[in-house]
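Each remark here refers to the structure printed beneath this line.
The values are calculated or read from the model by the stated rules, or taken from the named source; none is laboratory data. Small disclaimer: the values here were computed from a predicted structure and weren't measured. In this analysis, Cβ positions are derived from the backbone assuming ideal geometry, glycine residues included, and neighbour counts consider all displayed protein chains.
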6 protein chains.
Amino acid sequence: MPSDRHARGLAILQQINPKSADALFAELAAICPDLSRFVTEFAYGDIYARPGLNLAQRELVTLSALAALGNATPQLKSHIVGALNAGCTRQEIIELMLQISVYAGFPAAINGMLAAKEVFAMLDQAS
Amino acid sequence: MPSDRHARGLAILQQINPKSADALFAELAAICPDLSRFVTEFAYGDIYARPGLNLAQRELVTLSALAALGNATPQLKSHIVGALNAGCTRQEIIELMLQISVYAGFPAAINGMLAAKEVFAMLDQAS
Amino acid sequence: MPSDRHARGLAILQQINPKSADALFAELAAICPDLSRFVTEFAYGDIYARPGLNLAQRELVTLSALAALGNATPQLKSHIVGALNAGCTRQEIIELMLQISVYAGFPAAINGMLAAKEVFAMLDQAS
Amino acid sequence: MPSDRHARGLAILQQINPKSADALFAELAAICPDLSRFVTEFAYGDIYARPGLNLAQRELVTLSALAALGNATPQLKSHIVGALNAGCTRQEIIELMLQISVYAGFPAAINGMLAAKEVFAMLDQAS
Amino acid sequence: MPSDRHARGLAILQQINPKSADALFAELAAICPDLSRFVTEFAYGDIYARPGLNLAQRELVTLSALAALGNATPQLKSHIVGALNAGCTRQEIIELMLQISVYAGFPAAINGMLAAKEVFAMLDQAS
Amino acid sequence: MPSDRHARGLAILQQINPKSADALFAELAAICPDLSRFVTEFAYGDIYARPGLNLAQRELVTLSALAALGNATPQLKSHIVGALNAGCTRQEIIELMLQISVYAGFPAAINGMLAAKEVFAMLDQAS
């Protein structure tokens, strides 16, 4: 792991979902590149880079929080890709969405499940 | 696994956090025992009992949803016990709470961390 | 119905839960009496006073919103009293909390149910 | 009422909003048919089928929770149809959305009202 | 300031974002003109009209609440215009969105920032 | 301003609410000192330290987000102290809570107002 926070964050983004990060950073470039830097340095360089949970577990945490909150569909979709890249299976993601019904209700579970379906279909088409 | 939903749910509750389930069911007995039955049959008998994610992964999902939503402290605490019983380590729970700061902000992460601290201290005193 | 918004709001508060409104207004007196006035005039004088839903239906709406949001326990409890005063039965309130499990998850349903239990017990002791 | 949970759930869905349920179940078929089954068996077969609140009251509860949470527009719209089918009037739904402004703020009320407007227009066109 | 609540509300809407209010009121006219009236009279005539915070500060409050809740994108966008009209700078709005990351997480901050970007671009094109 | 993120964060915490930060960091010391470090370095060293909004404006943003979310009372109270230390007046904080009623509903506004009342009383007693 690079010792520099920025390099470390970029290395992890590279493993998880570089296309989605690049697209986000391109969108933010004209309004607030510092937000891209904070995502890279804090979210990925400081937090995702820590030992204690592996990347697949971290993506389970992320998907569960986003599906339960239900207020950030673009991020939910990009972390479904990230979870697959980190080694989670489609079946695990489907199970996770089912379980969200217990804690955040069926609409959150259904909307999370349909987001997963859309992402899986997009990946199948791309391959 | 018992084939009956109710028996299956009780068997899983027995593994995860029987004391907390008993206390909740005792509290609900005088107002709505059917809610206890739905928790047992649907949440545990139908959902937790499924293959696809193991119990430790399911508790990661649960803790992440509850810490992000931040609206159910008693359930968050009882699932911190459940996560430990399902094989999660204290360090994994601490990492999970740290990561919640990225998706639900620092107050949610801090309140989840302090809930974990309180549960760990209670368990240390009990042992 | 009084034609004046303030008088109309007070008349409805008198029907629903005057003790709880008095307690709230006493608490707010020293910091922001205008907030009490807006509650009386807008929430009760403008909204609750409207035709189209009767008071019992309005309290179902209120309890459902508060139980689903799960972020305002004191208001949830005082509207459980209000719902009973508006003609809802205890059984209807229990059913409502059960149904919240479908839309906001079991922790919200359980915490709403236990709030109802506490209010019912308090009323039984007072009588 | 059928004694079997699945048949009972389907019978109630048939009364409330069969077109929307069919569309959802068709969407879920390729990713997680079990989620459709849980919606049918738990949400409708176990909860909606209970006595204590009639279907129109249950739809008031549902619309209030969904409008307050504000995180599930497709479900909000499909339950506006369901509420009408269960015997609620358009005027009652409009009043409900107005009252949500008191508990969840004006943006939630406005977005719920515009969802109702869209559903009413769609129904008018279809008839 | 007009002493009448309705006139006072309209006068403030005129300063903040008359085009967006007109569009909303036109949309609501056919379903619930009373909601437009309550927005004008309560939100603007009663609250925004008060001394104690100037309009620019009030828009900071509004944008912060809406970006943190993350459940009302149309209102968020229309208050970004309102904040600029009330004297906030683009840089202040960008800083506000950055700070939301601390209290509501990065997805809320990113979605608020991209809403700001879209509004700024729309204003640049219109001018 | 110190160029080092950690020193810069501590310098700002010193201005805003050192007692509350010390208490939090003491509580976190035994479970996750890294969370204290991330609060200091990211929230205060990176974000609060930026130009573009002054500290009083930043505390308005923070209080508005926390009062609207309604899920973090301890942090809300400690930022009411912080807002006063950053130069906000009690009247501004009261106005802010009133305005939250428009965007997050009356219960959120009432609970925020009562939190402010409690903090003001505590400060009056301490002086």
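Each row is one residue, and each column tells you yes or no for (1) of a type in the set (Gly, Ala, Ser); (2) on the phi < 0 side of the Ramachandran plot.
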| residue | (1), (2) |
| --- | --- |
| C:Arg8 | no, yes |
| C:Gln15 | no, yes |
| C:Ala21 | yes, yes |
| C:Phe38 | no, yes |
| C:Glu41 | no, yes |
| C:Leu53 | no, yes |
| C:Ala56 | yes, yes |
| C:Val61 | no, yes |
| C:Gly70 | yes, no |
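Could you check, for the range A:78-92, whether at least one of its residues is among the polar types (S, T, N, Q), farther than 29 Å from D:Phe42 by Cβ, under 14 Å from the mean Cα position of the chain (by Cα) and within 12 Å of chain E (Cβ to nearest Cβ)? Break it down into steps so the answer makes sense when it comes.
Narrowing the range A:78-92 to residues among the polar types (S, T, N, Q): A:78, A:85, A:89, A:91.
Still in the list and also farther than 29 Å from D:Phe42 by Cβ: A:78, A:85.
Narrowing further to those that are under 14 Å from the mean Cα position of the chain (by Cα): A:78, A:85.
Those still in the list that are within 12 Å of chain E (Cβ to nearest Cβ) too: A:78.
Yes, the conditions are met somewhere in the range A:78-92.
Looking at F:Pro107, F:Pro18, F:Pro74, which one is out of contact with any strand residue (DSSP E or B) (no Cβ under 9 Å at 6 or more places or on another chain) and assigned by TED's automatic domain parsing to the domain that holds F:Pro2?
Numbers: F:Pro107 fails: assigned by TED's automatic domain parsing to the domain that holds F:Pro2; F:Pro74 fails: assigned by TED's automatic domain parsing to the domain that holds F:Pro2.
It is F:Pro18.
Determine if the range F:18-32 includes at least one residue that is among the polar types (S, T, N, Q) and free of Cβ contacts under 8 Å to residues at least 40 places away in the same chain. Outline the logic, then answer.
Narrowing the range F:18-32 to residues among the polar types (S, T, N, Q): F:20.
Imposing the further condition that a residue be free of Cβ contacts under 8 Å to residues at least 40 places away in the same chain reduces the set to none.
The answer is no; no qualifying residue exists.
Kindly indicate whether E:Leu84 is crowded, with 17+ Cβ neighbours inside 10 Å, closer than 20 Å to F:Glu95 by Cα and assigned by TED's automatic domain parsing to the domain that holds E:Phe120.
Numbers: crowded, with 17+ Cβ neighbours inside 10 Å: yes; closer than 20 Å to F:Glu95 by Cα: no; assigned by TED's automatic domain parsing to the domain that holds E:Phe120: yes.
No.
Can you tell me which residues in the range F:4-28 are under 14 Å from the mean Cα position of the chain (by Cα), more than 12 Å from every other protein chain (Cβ to nearest Cβ) and surrounded by fewer than 17 Cβ atoms within 10 Å (Cβ to Cβ)?
Within the range F:4-28, F:Gln14, F:Gln15, F:Pro18, F:Lys19, F:Asp22 qualify.
If only one of C:Ala67, C:Ala86 is of a type in the set (Gly, Ala, Ser), in contact (Cβ under 8 Å) with a residue 12 or more places away in the chain and more than 28 Å from F:Ala116 (Cβ to Cβ), which one is it?
Working: C:Ala67 fails: more than 28 Å from F:Ala116 (Cβ to Cβ).
Being of a type in the set (Gly, Ala, Ser), in contact (Cβ under 8 Å) with a residue 12 or more places away in the chain and more than 28 Å from F:Ala116 (Cβ to Cβ) holds for just one of C:Ala67, C:Ala86, which is C:Ala86.
Just to verify a result, which residue in the range E:29-76, among those that are polar (S, T, N, Q) and within 7 Å of chain D (Cβ to nearest Cβ), is surrounded by the most Cβ atoms within 10 Å (Cβ to Cβ)? Working first, answer last.
Looking only at the range E:29-76, we keep the residues that are polar (S, T, N, Q), and these are E:36, E:40, E:54, E:57, E:62, E:64, E:71, E:73, E:75.
Cutting the leftovers down to within 7 Å of chain D (Cβ to nearest Cβ) gives us E:71, E:75.
Values: E:Asn71: 22, E:Gln75: 24.
For the range E:29-76, the residue satisfying everything is E:Gln75.
Among the residues that make up the range C:84-97, is at least one of them touching a helix residue (DSSP H, G or I) at 6+ places or on another chain (Cβ under 8 Å), farther than 23 Å from D:Glu59 by Cβ and not aromatic (Phe, Trp, Tyr)?
Yes, that holds for at least one residue.
Give the range C:103-124 a look and list any residue that's aliphatic (A, V, I, L, M) and more than 10 Å from chain B (Cβ to nearest Cβ), or say none. Quick ask: steps written out before the conclusion?
Keep residues of the range C:103-124 that are aliphatic (A, V, I, L, M), which gives C:104, C:108-110, C:113-116, C:119, C:121-123.
Of everything in the range C:103-124, those that are aliphatic (A, V, I, L, M) and more than 10 Å from chain B (Cβ to nearest Cβ) turn out to be C:Ala115, C:Val119, C:Met122, C:Leu123.
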